[in-house]
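What follows is a short report on a single structure.
Throughout, read-outs are computed from the coordinates displayed, never taken from laboratory work. Keep in mind that this is a model prediction, so the values were computed, not measured. Glycine also receives a Cβ, built like all others from the backbone with ideal geometry; neighbour counts cover every protein chain displayed.
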Amino acid sequence: MFTKRIATAGIAVAAALALGLTGCSSDASASGGTDSGADAATATNLDAFGGLSGLEDAAKAEGALNVIALPRDWANYGAVLDAFAEKYPEITINEATPDASSAEEIQAAQNLEAQDTAPDVFDVGAAVALANTDQFAPYQVATWDDIPDALKEQSGLWVGDYGGYMAIGYDPDAVPEPTSLDDLLGADFKGKVAINGDPTQAGAAFAAVGMAAVQNGGSVDDFQPGIDFFSELNKAGNFVKIDPTPATIASGETPVVFDWDYLNVGYGKDLEGQRNWEVTILPGDGYAGYYNQAINVSAPHPAAARLWQEFLYSDDAQNLWLAGGARPVRADAMAAAGTIDDELFSALPAVDGDTVVPDADQAEAASALLGINWAAAVQ
């Protein structure tokens, strides 16, 4: 199920976490003390541990890592989680509420503050990352210099990790191939177009509005044309307020879906034999976006949290994102170094036009605008 960034009102995140993380054990205290004397909770890079081996020892002593909102079918997360578990069998990974939204990750950390069941790490969209920096601990991984400046907070509070292009998935047996936003306003798409979540809370939905903005006379500096497009889509009766999943696609409820290209491709794989599913990136400027990693400032397993980050930005994990159809944030540096999987890298989708990626200031402004105007636009 590709529901990682769907926000569901009233979900009992804290209760689900309490169930999902039962049995969590930790030999090291939440204050972050390690045998080497390093304070893991305040460590900002590997130097605090004397290198990677020191961090590994500290994380193994803690013995656990709490993650949240990581569906195994999302961008190859299952393989990433399994690779970490295989490399560090001494560390138990506690996976909680895989279908939580970015906003619900933060809510869970706040609800479970100071408890050993709280999430150690986050994977969040840009809007949520920018709005919650007080919840994050700064940390710069060993491969920090490979990460473009525009895709990281400069102290390491949040760091882009994997991403892709906003695309449109569609059932060719239900609708014609859309070649522009205007096509989606036509009668062929009546009651058929969905986005993945609420753009004020979910990264994929935020990006859908961003893509509509740059394709509708706006830009990453001006999301209003994107909001206007979805308002028009809603007035035409074409906008379906259902969070898409493979089940809603299979049932015919959401035959057209704005979502990341790698997730739309995944829908097709998941529905093979049930539904035909095609994916298109509209001609013109392509809207790209990355999900961000962050460490909970009060992580119960602060060393394990930092080791998880080091792993996610290693060559091995970056190539696992690529295997899931997502674009790793270190792709260009790895290509230059010869450490990327060339076959998978060359298979990434081509875009007809420039690629736009909102920077931190642009994403923050867009998030504020959506908070003011979105609900009224699609009511």
TODO: Taking a cut-off of 29 Å between Cα atoms, list the lysines near K192, but don't count ones fewer than 8 places away on the same chain.
DONE: K4, K235, K241, K269
Open item on the list: Taking amide H atoms as placed 1.01 Å from N in the peptide plane, list the residues 5 or more away in sequence, or in a different chain, whose amide H sits under 5 Å from that of W158.
Closed with: E153
- [ ] Largest first and to the nearest Å, give the Cα extent of the chain along each principal axis.
- [x] 66, 46, 42
TODO: Return the lysines within reach of K87: Cα separation strictly under 17 angstrom, same-chain partners fewer than 8 residues apart disregarded; answer none if there are no such residues.
DONE: K60
TODO: In vacuum, with every alpha carbon of the stretch 271-372 counted as one equal point scatterer, what does the Debye formula give for log10 I(q)/I(0) at q = 0.11, 0.18, 0.22, 0.23 Å⁻¹? Two decimals, please.
DONE: -0.53, -1.12, -1.20, -1.22
Open item on the list: Amide H of R327 versus every other amide H placed in the peptide plane: which residues, excluding those fewer than 5 positions away on the same chain, fall under 5 Å?
Closed with: G163, G164
Task: Highest average packing first - 337-350, 42-55, 307-320, Cβ atoms within 10 Å - done: 307-320, 42-55, 337-350
Task: Mean ellipticity per residue at 222 nm, deg cm²/dmol - from DSSP H runs of n ≥ 4 across the chain, formula -39500 (n - 2.57) - done: -10500 deg cm²/dmol
- [ ] Anything in the chain that counts as a DSSP H helix reaching 20 Å or more along its axis (C-alpha) with Kyte-Doolittle mean of at least -0.5? List them, would you?
- [x] 360-377
TODO: Pull up the DSSP beta bridges for the chain and report the antiparallel fraction as a percent, rounded to 5.
DONE: 70 percent
